[in-house]
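First comes the structure, then the notes that go with it.
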Amino acid sequence: MKRIGLAIGLAVLAMGASAPGQTEAERVIVLASESVPEGVAVARHYMAARGIPAANLCVVRAPAAEEISRDQFDETIWKPLRAFLAEWEGRFDVALADATLALSLGERRAKYLVPVFGVPIKVTGYEDVKTMYLSKAAAVDSELALLPSGGHPLVGSLVNPYFGADAPFGPPLDGGMILVSRLDGPSAAIARRLVDDALWAEQGGLKGRAYVDTRGITTGGYAVGDRWLLRAASSLERAGFPTEVDTRPEILPLAHPMPDAAVYLGWYHESAAGPMTKPDFRFNRGAIAYHLQSFTGAAIRDPKNHWVGPLLVHGACVTAGAVYEPFLTGTPSVDILMDRLLKGYSWGEAAWMAQPLVSWQMCFIGDPLYRPFARGK
């Protein structure tokens with residue numbers, strides 16, 4: 001039986017499913033697992049801080065682990081969350097003789113989905129780099145980005161229809177996609193801090209210095225990574241940030257001074273290293289920190305290994321990481337990310353504007369409502 005309704009669903013959406021009276025906070029769905037009570041507490045802290053309605057909390061019973069099998073993901077996260085979202089939005093299916101018609105009669109449309117500490121991070125299936133595009137392994141969050149539509153192929157990746165956009169996320173894209181960023185990290189306390197630091201930094205805008213660590217590559221396939229970073233540095237400089245750009249092939253050495261760090265962008269080192277790992281190093285509150293490298297988010301609750309956990313331990317407010325091998329073309333274009341943040345978009349919007357693929361390997365960490373430059377620097 002066919003499931004029709006894409007065009008019909010979009011027509012219904014255009015007639016008012018994204019209600020003009022909804023605030024950003026009212027369009028946030030928060031996902032927690034009852035298996036991790038500390039995570040449910042993080043969810044409630046976030047909702048209270050941002051004024052998110054209590055009805056927007058979905059509590060599932062997922063395993064208390066970072067990794068989850070595809071079957072477990074479907075049964076404990078995808079199906080219950082999809083049912084929750086459909087009921088919340090007022091969507092339902094009508095069975096016809098040879099097809100299923102998808103209708104939406106509600107006036108609510110979700111924009112953001114926020115998994116919290118305790119919700120699994122990656123779907124198993126990874127074997128090795130050579131077979132990645134034949135695998136069903138993926139970041140939980142990248143799969144959940146397609147929650148409103150569903151039915152997508154599970155092998156390989158799909159093009160993100162919001163990639164490269166420079167407009168607020170809304171109809172018709174929000175009929176088939178949702179912007180996912182999680183509140184997570186090495187501890188529940190760190191996950192809570194991501195909320196508090198975002199709210200604090202929004203009061204006056206993110207302040208400090210920017211550090212951009214390139215590899216000095218000018219030719220070949222990897223040169224695009226350096227071009228992203230250099231364009232991001234130019235955007236930061238134009239916005240008035242004192243910006244240091246390092247073009248040496250090596251990562252910034254441990255002894256390199258990094259005072260007043262509000263932004264860090266770099267690549268290509270297997271695990272956290274450099275000045276950000278010194279015991280007394282601390283990013284400014286609200287800091288943006290991202291290191292481009294395979295498996296950066298393979299264990300985001302580990303405070304010492306890979307990159308995401310250590311960056312969060314040292315005070316980063318928003319970051320991103322790949323749970324398995326994403327390949328360079330499957331990672332966020334950091335030039336787009338910084339450009340959109342500096343224009344005043346939210347972290348959730350900027351992250352997904354910069355991310356070319358869905359149903360793939362990237363996860364974003366931080367409050368998706370966070371607007372570090374909403375009032376201008």
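The numbers here are math on the coordinates, done by the rules we state, and not lab data. This is a predicted model, so every value here is computed, not measured. Glycine gets a Cβ as well: all are built from the backbone with ideal geometry, and neighbour counts include every protein chain shown.
Any idea which of A62, H152, Q72 is furthest toward the positive side of the dipole for the stretch 50-174, if Lys and Arg beta-carbons carry +1 and Asp and Glu beta-carbons -1?
With unit charges placed on the Cβ atoms, the residue in question is A62.
Under the rule of -39500 (n - 2.57) per DSSP H run of 4 or more residues, summed and divided by the residues of the chain, what mean residue ellipticity at 222 nm is obtained, to the nearest 500 deg cm²/dmol?
Computed mean residue ellipticity for the chain: -7500 deg cm²/dmol.
Any idea what Rg and Dmax come out to for the chain if you just take the C-alpha atoms, in Å?
Rg, Dmax (Cα atoms, Å): 19.9, 70.
Convert each backbone phi in the stretch 357-368 into a coupling constant with the Karplus relation 6.51 cos²θ - 1.76 cosθ + 1.60 (shift: θ = phi - 60°), then list the ³J(HN,Hα) values in order as whole Hz, x for Gly and Pro.
10, 10, 6, 9, 10, 8, 10, 10, 10, x, 5, x
Over the Cα atoms of the stretch 2-180, what is the Rg over Rh ratio if Rh follows Kirkwood?
That ratio equals 0.97.
Quick check: Cα centre of the stretch 19-78 to Cα centre of the stretch 123-188, how many Å?
17 Å
Place +1 on the Cβ of every Lys and Arg and -1 on the Cβ of every Asp and Glu in the chain, take the dipole about the Cα centre, and give the residue among L134, A322, Q22 whose Cα lies farthest towards its positive end.
Checking the options against the dipole of the chain, the answer is Q22.
In debye, nearest 20, what is the charge dipole magnitude of the stretch 2-180 about its Cα centre with +1 on Lys and Arg Cβ and -1 on Asp and Glu Cβ, if you could check?
Roughly 240 debye for the stretch 2-180.
Just to be sure I understand: with springs between alpha-carbon atoms less than 10 Å apart, which residue in V114, V94, V123 has the highest mean-square fluctuation in the Gaussian network model of the chain?
In this elastic network of the chain, the residue with the biggest mean-square fluctuation among V114, V94, V123 is V94.
In what sequence, highest mean first, do 292-302, 310-320, 145-155 appear when ranked by Cβ atoms within 10 angstrom?
So the order, starting with the most tightly packed, is 310-320, 292-302, 145-155.
Calculate the dipole size of the chain relative to its Cα centre from +1 charges on Lys and Arg beta carbons and -1 charges on Asp and Glu beta carbons; express the result in debye to the nearest 20.
580 debye
Tell me, what is the Rg over Rh of the stretch 292-377, with Rh the Kirkwood radius over Cα pairs?
0.97
By per-residue mean of other Cβ atoms within 10 Å, what is the highest-first order of 124-131, 174-181?
Packing order, densest peptide first, comes out as 174-181, 124-131.
Can you give me the Kirkwood hydrodynamic radius for the stretch 236-364, using every pair of distinct Cα atoms, in Å to one decimal?
Value: 14.9 Å, from the Cα pair sum.
Would you mind estimating how fast the stretch 126-177 diffuses translationally, via Stokes-Einstein at 10 °C and 1.306 mPa s with the Kirkwood radius over Cα pairs, in µm²/s?
Here the translational diffusion coefficient equals 127 µm²/s.
Treat the count of other C-beta atoms within 10 Å as a stand-in for reagent exposure and order S35, S235 from fewest to most.
S35, S235
Which one, V224, W352, F169, projects farthest toward the positive side of the charge dipole computed for the chain from Cβ point charges (K/R +1, D/E -1)?
Result: F169, furthest along the dipole toward the positive end.
State to the nearest 20 debye the size of the charge dipole of the stretch 220-291 about its Cα centre, where the only charges are +1 on K and R beta carbons and -1 on D and E beta carbons.
200 debye
What number, in nm² with one decimal, is the all-direction average of the projected area of the convex hull of the alpha-carbon atoms of the stretch 199-239?
The directionally averaged projection comes out at 3.7 nm².
Quick check on the stretch 27-126: what are the equivalent-ellipsoid semi-axes from the Cα gyration tensor, as sqrt(5λ), descending, whole Å?
26, 20, 9
Kindly count the pairs of lysines across the chain whose alpha carbons are less than 28 Å apart, treating pairs on different chains or eight or more residues apart as eligible.
Count of close lysine pairs: 22.
Could you order peptides 335-342, 363-370, 205-212, 266-273 by the average number of other Cβ atoms within 10 Å of their residues, highest first?
363-370, 335-342, 205-212, 266-273
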